[in-house]
Amino acid sequence: MANPILANGVASPQSIYSEYSVTATNQTRAQGHHPIGTRAQLHDGRVYYYTSNGATALTVGSLLVGSALSRSGNHDKIALTASFANWSAGNADPVLLSTDVDTSDIIQDEYADGYVAFELTAGQGGHIYKIVSHDSVDASVTGAESTFRLRDPLVGTAITTDEITLCRNPNDRVITSTTAEEELPVGVAPIGVTASTALATDVTTTEAATTTYFFWAQTWGPCAVEVDDTTIALGIAATSGDTADRLEAALLTASTGATPTITGYDKIQCAVGMVPAVDTAGDYAIVDLRIRP
């Protein structure tokens with residue numbers, strides 16, 4: 001059965017072998033069948049998360065990583081100096097003022113299905129909330145407001161020194177892995193997916209209709225993934241590699257002690273699964289994914 005089963009036991013109307021497109025205007029982020037990050041699984045235990053594609057087409061079997069979770073670093077550690085009174089205990093619709101956003105506009109719903117986190121150890125530090133939707137805000141207009149509709153009400157009241165970071169859902173507008181290796185793996189594309197239209201970053205920009213493409217990214221269980229080298233072998237951990245879109249082996253070297261040493265420690269942090277079968281570079285290896293259960 002190719003239609004993933006949702007948490008309520010009902011099958012999704014969208015198969016894992018199909019993409020779903022939504023066209024939107026007026027800079028509103030397009031919404032798909034489900035909230036981004038919705039979990040589903042097949043009867044055999046393979047797990048998928050509902051994902052939106054970024055501005056580059058995806059190929060089948062490619063390793064996916066999260067794009068920048070806070071756009072260009074402009075929306076992290078936002079000081080609530082002027083907005084703190086709006087972020088009070090019990091409020092599920094706090095308001096962020098443009099005077100605290102600095103110079104970077106917030107586009108309507110660009111962080112929908114994502115999170116807002118309090119970062120400093122003082123005040124409300126350590127609390128994180130799911131964002132349902134939010135308004136846009138023009139950072140150049142004094143007093144402009146953006147209302148954030150949260151899944152749960154705030155458990156405490158912010159203070160003047162509190163700082164928040166706006167974070168996209170890791171499955172929102174994903175990209176294929178690059179040669180950097182130090183990335184956040186979020187799944188594998190079970191199909192080829194069309195590139196989405198790049199979203200605006202300025203609320204005053206007049207843009208044509210944008211199209212966002214949604215699909216189910218696999219995160220757990222047997223999966224065919226393109227590999228990078230011939231060292232992929234039975235029982236070896238697979239990691240993000242130094243070739244875009246592909247996996248490579250987490251290499252181990254012999255040591256004088258009983259435990260082998262790890263070569264390229266930065267790679268092992270990005271392990272995505274185990275390889276149950278031998279394969280060759282450029283082919284699709286059967287990998288037992290272990291990204292997100």
Practice problem: Scan the range 118-131 residue by residue and report those that are surrounded by 17 or more Cβ atoms within 10 Å (Cβ to Cβ) and touching a Lys or Arg at 6+ places or on another chain (Cβ under 8 Å). | Solution: GLU119, TYR129, ILE131
Exercise. Would you check which residues across the range 154-169 are in contact with a Ser or Thr (Cβ under 8 Å, 6 or more places away or on another chain), crowded, with 17+ Cβ neighbours inside 10 Å and either without any contact (Cβ under 8 Å) to a residue 40 or more places away in the chain or more than 10 Å from GLY125 (Cα to Cα) (or both) and list them?
Key: LEU154, THR165, LEU166, CYS167, ARG168
Self-check item: Condition met for ASP93 (among the acidic types (Asp, Glu), free of Cβ contacts under 8 Å to residues at least 24 places away in the same chain and at negative phi)
Solution: no
Quiz item: What about ALA11, is it touching a residue at least 60 places away in the same chain (Cβ under 8 Å) and open to solvent by 20 Å² or more (accessible area, probe 1.4 Å)?
Solution: no
Quiz item: For the range 81-98, how many residues are within 10 Å of VAL155 (Cα to Cα) and either in contact with a strand residue (DSSP E or B) (Cβ under 7 Å, 6 or more places away or on another chain) or acidic (Asp, Glu) (or both)?
Solution: 1
Practice problem: Report, by residue number, each residue of the range 86-117 that is open to solvent by less than 10 Å² (accessible area, probe 1.4 Å) and part of a strand (DSSP E or B). | Solution: LEU96, ILE106, VAL116
Exercise. Would you tally the residues in the range 142-153 being open to solvent by less than 70 Å² (accessible area, probe 1.4 Å) and either aliphatic (A, V, I, L, M) or outside any loop (DSSP other than H, G, I, E, B) (or both)?
Key: 5
Quiz prompt | the range 180-204, subset at pLDDT 90 or above and not β-branched (Val, Ile, Thr), residue surrounded by the most Cβ atoms within 10 Å (Cβ to Cβ) | solution = GLY187
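For the structure I just gave you, tell me whether THR23 is exposed (fewer than 15 other Cβ atoms within 10 Å of the Cβ), among the β-branched types (Val, Ile, Thr), touching a residue at least 24 places away in the same chain (Cβ under 8 Å) and in a strand (DSSP E or B). Walk me through it before giving the result.
Working: exposed (fewer than 15 other Cβ atoms within 10 Å of the Cβ): yes; among the β-branched types (Val, Ile, Thr): yes; touching a residue at least 24 places away in the same chain (Cβ under 8 Å): yes; in a strand (DSSP E or B): yes.
So THR23 fits the description; yes.
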Quiz item: Does SER177 qualify as being touching a residue at least 12 places away in the same chain (Cβ under 8 Å), closer than 21 Å to ALA217 by Cα and open to solvent by less than 20 Å² (accessible area, probe 1.4 Å)?
Solution: yes
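The values are calculated or read from the model by the stated rules, or taken from the named source; none is laboratory data. Just so you know, these numbers come straight off a predicted model, no measurement behind them. In this analysis, Cβ positions are derived from the backbone assuming ideal geometry, glycine residues included, and neighbour counts consider all displayed protein chains. The area values use the complete protein model at the heavy-atom level, side chains included, leaving out ligands, DNA and RNA. Shrake-Rupley method; radii C 1.70, N 1.55, O 1.52, S 1.80 Å.
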